[in-house]
Amino acid sequence: MNAILDAIRWFFHGEQWHGTDGIPHRLSEHLWYSGLAFAITVAIALPLGLLLGHVRRGRAASFFGFSVIASANGARALPTLGLLILAVLVTSSSLVPTLIPLIVLAIPPVLVNAYTGVQQVEPGLRDAAEGMGMTGTQVLWRVEAPVALPLVLLGLRTAAIQIVSTATIAAYVGLGGLGRFIVDGLKRQEYSSTAGGAILVILLAFLIQFVFALLRRVAVSPGLRRTS
Amino acid sequence: MITFTGVTKRYPDGTVAVHDLDLEIAAGRITVLVGPSGCGKTTTLRMVNRMIDPTSGTITVDGRDIREVDPPRLRRGIGYVIQQAGLFPHRTIIDNIATVPYLLHQDKKQARTRALELMERVGLDTALAKRYPAQLSGGQQQRVGVARALAADPPVMLMDEPFSAVDPIVRGQLQDEFLRLQSELEKTIVFVTHDIDEAVKLGHRIAVFQVGGVLAQYATPDELLANPANDFVRDFLGGDRGIRRLRFVQELDAEAAAERRAAVPEPAEPPPGGEAAAAGER
Amino acid sequence: MSAALSPVAAGDNGEPLIRWDWIGHNSDIITQALNDHLVLSIVPVVLGLVISLPIGLLCARYRWLYAPVVGLTSVLYAIPAIALFVVLVAFTGLTRTTVMIPLTLYTLSVLVPAVVDGMDSVPEHVRQAATAMGFGTLRRLVQVELPIAVPVVMAGLRVATVSNISLVSVGALIGVGGLGQLFTDGFNRDFTTPIIVGIALIIALAIAADVVLLVVQRLLTPWARAGSSRRAARRAVRAEPAMPEEAAL
């Protein structure tokens, strides 16, 4: 318990609050890497998932759907730390090889949830939408995407959590961010720094949870919330 | 008027859903397509708004071949009501009703005002306007479905078993109100059902389909009950006993309708301007 | 971390990505790591199952419990493993327990919703028929409801097991990581072979565990047709903890 108190005291040392090894700088690093990886992930996986779910007809589409789900289940088995280390060892270490595992691991939840969300929209809804004269794009944007939104948000949240967590581990291979406090603390046997870093990461995770809960509240139609 | 000429729908696996169909559906009337499941009645209905394209043959609406019209445009001019209503769960009732006017880029405020009028017209309390579909009963949802199909005032309405998901009492009410509404609006309605009672009650003309997509008989309810074309039709009507029962029910309905007319003199309402415009455009 | 930042990487100095002779010389280390890994990942799954069954059943029965319980487990799920490991070090030291507690918590966050979903997958008419035939609550649960819930629960169990197998390796950062030790070892020596061996073994272990669980599921539900496996797979994807509306608000 004393160790935790030490960690809390660690927050109040003046030195933690400025300089390149200060909390504000490390936090902004962490947010920058995570934000970048998240943006790239979303840009790749979200349109693809929505589109695959929308097409859904025909043998090719169902094959794609099956592979998407299978690959997502498979991706769960990939060990983050191993991939990060391998990526850094086989390339010259820089930001890019570290970001790639972050993105690769975050794509499956976004892809699968967007795909499943759209694909599972009740056939009657699509039928009604088409029957009233919506074009394919209109069906996707006005009906399928809003109805799939709770699942889409779930996927985005999982990806965000995954990225923040992997970015923490990436400190081990030299990335900046909050993970530095943990890794450096472990190396120097300064538990207060390690635990302080861990507490910051936990707070960040809570913040993400909070943001997504808020997003769900704002973006998901009350008509969907009541039934689900 | 909707005309089918030599229309056949054959699926890639060889199943024939509709076989060489010739059918004329009168304007301003309710035409009921009835038959057992797998008889092609729903396929026939869905070919009218090109949800399904026929393998061969021609379908015209008011003389115009529907293949010449882009499907989304065609569909915006044809009302469409399906079983379970197919309401959008994420939109309020009023926005559900105004779907097609929005698609046609009509003025939002006007579309909403019209949606509120339609709610009253189909017997819905306008206090429900801001609710979501999940908060409504099955019968109320079907009314919203009908109001939504009417929103852009299309001259033609396609209705696929619109009342079969609700309990018999609510179904009876919905049918009665539907007849009242139709007597005011005089839309060209194609109505699919598997329920012969419903067909006899609602239809000006009834098309009986048999399995394999063959039209067995196309007649008014009176003709149908008086002269079933073949054994299939006779059986479908429930044999001699069934025919007697249907005649009896038909008389009761007629009496009830007459009483309603006597009690509430229908205002002779001029057809709404929008309808004429929409018809002219087609 | 200057080693990481230096451009001296395995591929650069002519060293092959994988040196097969290293594997032969170090088979005992690898086997030991594999054993550790197995224990570290399977024990939490078993513990998680034992804990989440009663919790899930309670939540299925007393619905008001579900939202707060899922809220709690999904918040726990969001916490990065390394952070939990580090915090727990203060209480349980650099031991296996420190790694197994968070993994158990993650298992809970997947399995509690899975148990509830599984119970929800029992059709109401089946439940009523069982009651009408005179099943008592417990007998109905064991003989009727749980068997029907098996596919959904097993889907959750597979997700939890596979995730745990890959997560254990993060424990290497505090020195308890099973096959993850091969990663840190390789990193410290700038040597890719152990890393590739570790990744390959972890993936193989995950696949093997998944297959075993699938076979167990088949044996437990002989009535299920071939078609149901795809449905179960689909549910497995959704077995991530649900997002409760009230979470964190």
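All of the numbers you see were taken from the coordinates with simple rules; none came from a lab. Everything numeric here is computed off the predicted structure, so don't read it as measured data. Positions of Cβ are generated from backbone atoms using ideal geometry, with glycine treated the same way; all protein chains shown enter the neighbour counts.
If you take the alpha carbon atoms of the stretch B:147-230 and fit the smallest convex hull around them, that volume is 113 Å³ per residue. Largest first, the extents of the alpha carbon coordinates of the stretch B:74-113 on the three principal axes equal 29, 25, 14 Å.
Computed on chain B, the Cα convex hull volume stands at 137 Å³ per residue.
Mind checking Rg over Rh on the protein assembly as shown, alpha carbons, Kirkwood formula for Rh?
1.08
Loop-located chymotrypsin sites (Phe, Trp or Tyr not before Pro) in the stretch C:58-149 (DSSP state not H, G, I, E or B) with no more than 15 neighbouring Cβ atoms inside 10 Å: C:62.
Please compute the modelled spin-label separation between residue B:109 and residue C:190, points set 7 Å along Cα→Cβ, answer in nm with one decimal. Distance between the two pseudo-spin positions: 7.4 nm. Taken over the C-alpha atoms, the stretch A:116-228 has Rg and Dmax values of 20.7, 67 angstrom. Among A:89, A:175, A:111, the largest mean-square fluctuation in a Gaussian network model of chain A (Cα springs under 10 Å) belongs to A:89. Put a dot 7 Å past the Cα of residue B:255, heading toward its Cβ, do the same for residue C:31, and the two dots end up 9.4 nm apart.
In deg cm²/dmol, rounded to 500, what helix-only [θ] at 222 nm does chain B give when every DSSP H run of at least 4 residues adds -39500 (n - 2.57) and the total is split over its residues? Write out the running numbers ahead of the final one.
On the way: 12 runs with 122 residues, N = 282.
Per the formula, -13000 deg cm²/dmol.
Plainly put, the stretch B:1-149 has a radius of gyration that is 1.02 times its Kirkwood radius, both from alpha-carbon atoms, as the Rg/Rh ratio.
Electrostatic bookkeeping for residue A:176 treats Lys and Arg as +1 and Asp and Glu as -1; over the other residues with beta carbon under 9 Å from its beta carbon, the sum is +1. Here the contact order of chain B, divided by its residue count and restricted to Cα pairs under 8 Å and six or more residues apart, works out to 25 percent. For the pair the stretch B:15-83 / the stretch B:86-138, the C-alpha centres are spaced 26 Å from each other. Overall, the protein assembly as shown carries a charge dipole of about 760 debye about its Cα centre when +1 sits on the Cβ of Lys and Arg and -1 on the Cβ of Asp and Glu, all other atoms neutral. Scaling against 2.2 N^0.38 Å puts the C-alpha radius of gyration of the stretch C:27-237 at 1.15.
Take the Cα of residue C:95, step 7 Å toward its Cβ, do the same at residue B:241, and the gap between the two points is 8.1 nm.
Compute the Rg to Rh ratio over chain A from the alpha carbon atoms, using the Kirkwood formula for Rh, and round to two decimal places. Don't skip to the end; give the middle numbers.
Working: Rg = 20.9 Å, Rh = 19.5 Å.
Dividing the radius of gyration by the Kirkwood radius yields 1.07.
Only the Cβ atoms of Lys and Arg (+1) and of Asp and Glu (-1) were treated as charged; on that basis the dipole of chain B about its Cα centre amounts to roughly 840 debye.
When chain B is treated as a GNM with alpha-carbon contacts under 10 Å, the residue of B:14, B:172, B:28 showing the greatest mean-square fluctuation is B:14. Largest mean-square fluctuation among A:167, A:77, A:145, in a Gaussian network model of chain A whose springs join Cα atoms under 10 Å apart, belongs to A:77.
In a simple Cβ point-charge model (Lys, Arg +1; Asp, Glu -1; nothing else charged), chain A has a dipole of about 520 debye relative to its Cα centre.
Starting from the eigenvalues of the Cα gyration tensor, five times each then square-rooted, give me the equivalent ellipsoid semi-axes of the stretch A:50-156, largest first, whole Å. Please report the intermediate quantities before stating the final value.
Values: eigenvalues 244, 35, 24 Å².
Values for the stretch A:50-156, descending: 35, 13, 11 Å.
Between the stretch C:118-175 and the stretch A:74-122, what's the alpha-carbon centroid distance in Å? Measuring centre to centre over Cα atoms gives 29 Å.
So what is the relative contact order for the stretch C:27-237, in percent, with contacts set as C-alpha pairs under 8 Å and at least six apart? Walk me through the numbers on the way to the answer.
Working: 249 pairs, mean separation 55.0, N = 211.
Once divided by the residue count of the stretch C:27-237, the mean separation gives 26 percent.
Express the relative contact order of the stretch C:118-169 as a whole percentage, based on alpha carbon pairs under 8 Å and six or more residues apart in sequence. It would help to have the intermediate numbers written out before the result.
Numbers: 23 pairs, mean separation 25.1, N = 52.
Value for the stretch C:118-169: 48 percent.
Ordering C:118, C:157, C:47 by Cα displacement along the dipole of the stretch C:27-237 toward the positive end leaves C:118 in first place; charges were set at the Cβ atoms of Lys, Arg (+1) and Asp, Glu (-1). So which chymotrypsin sites (Phe, Trp or Tyr not before Pro) in the stretch B:168-212 pass both tests, a DSSP loop state and at most 11 other Cβ atoms within 10 Å of the Cβ? Hits after loop and neighbour filter: nothing returned.
Taking all C-alpha pairs of the stretch B:25-65, those more than 13 Å from each other amount to 61 percent.
For residue B:130, which lysines qualify as cross-link partners when the Cα separation must be under 21 Å and same-chain residues fewer than eight apart are set aside? Within the straight-line limit of under 21 Å, residue B:130 reaches these lysines: B:108, B:109. Each residue of the stretch B:101-178 gets 103 Å³ once the volume of the Cα convex hull is shared out per residue.
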